[in-house]
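The values are calculated or read from the model by the stated rules, or taken from the named source; none is laboratory data. What you are looking at is a predicted structure, and each value in this text was computed from that prediction instead of being measured. Cβ placement follows ideal geometry from the backbone for every residue including glycine, while neighbour counts extend to all protein chains displayed.
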Amino acid sequence: MWLFYTLIPCLLIDGVALLPAPQNLSIQSTNMKHLLTWSPVIMAGETIHYSVEYQGEYESLYMSHIWIPSSRCSPTTVPECDVTDDITATVPYNLRVRAILGSQTSAWSILKPPFNRNSTILTPPGMEVTKDGFHLVVKLEDLGPQFEFLVAYWRREPGAKEHVKIVRSRGVPVHLETMEPAAVYCVKAQTFVKAIGRHSTFSQAECVKVQEETLPLALALFAFVGFMLILVVVPLSIWKTGRLLRYSCCPVVVLPDTLKITNSPQKLISCRREDVEACATTVLSSEELFRT
């Protein structure tokens, strides 16, 4: 009983119950995303708000230990706060939370120990390995501007050499290599964060196979028929064109029978004089010529 009366002054001030401070502060950090969580303060029929503040090494050493309200969670009604944008350096950060109900505030609860972002858990990136024709292509998960990716790829065969490529583009397909027909190529990747000097483990290897470069039977038959047509049609076209040009430029003229010379020219010239004198020459007028 005496213990009950001893606790009353701690719970009541001027007859008003004090707000309990949030408990069980912890921070979950994966791939440079930092989420501060705590146990909710429960008051029957009331909505509790929370205020979150942080203090980095600079604020602690050079700004008289001031605390800065979180950019996202001052105030908030949920028992968690994304402090990723507040943690901007690789140094220890103090974080604290208190409950608010109207004009009442609880005591501050401080995260122990301070948080340093170099303790974040780095996971292998999600990736999609595809082939575009004979091109090996990989598309990597977008984890943010601080991330680079080390991509290892190789042809799956005994004694194959593993190639490594640094990829900085995120969420877009990246060409790795031109593949050979009927070969299998494998790809794996890991994340790297230069700001903290750490990298994740490699992802599971994903492999793709290139089909053999074969000509379909129908296409081969079509090509053969086309080739044979060319062998027949082209010479025939050349011959026909030549004949057309020949008859157009140098046509063959057939003389009528009356103009053909059947006797020797020598016989035509050697006619006797008396035969010539015997020929009667008659001059016809134009009217008689037309009448004839």
- Message: What's the total number of residues in the range 57-78 that are of a type outside the set (A, V, I, L, M, F, W, C), under 21 Å from Leu25 (Cα atoms) and surrounded by 12 or more Cβ atoms within 10 Å (Cβ to Cβ)?
- Response: 9
- Residues of the range 97-141 satisfying the condition of being free of Cβ contacts under 8 Å to residues at least 60 places away in the same chain, in contact with an Asp or Glu (Cβ under 8 Å, 6 or more places away or on another chain) and farther than 30 Å from Met179 by Cα: none
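Results for (1) of a type outside the set (Ser, Thr, Tyr); (2) within 24 Å of Leu19 (Cα to Cα); (3) part of a loop (DSSP other than H, G, I, E, B), shown as yes or no for each residue.
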residue	(1), (2), (3)
Cys81	yes, yes, no
Pro124	yes, no, yes
Thr130	no, no, no
Asp142	yes, no, yes
- For His199, the lone unmet condition from (1) out of contact with any Leu (no Cβ under 8 Å at 6 or more places or on another chain); (2) more than 15 Å from Val138 (Cα to Cα); (3) at pLDDT 80 or above is (1)
- Per the filter on the range 71-94, residues hydrophobic (A, V, I, L, M, F, W, C), farther than 16 Å from Val41 by Cβ and within 36 Å of the chain's Cα centre (by Cα) are Val83, Ile87, Ala89
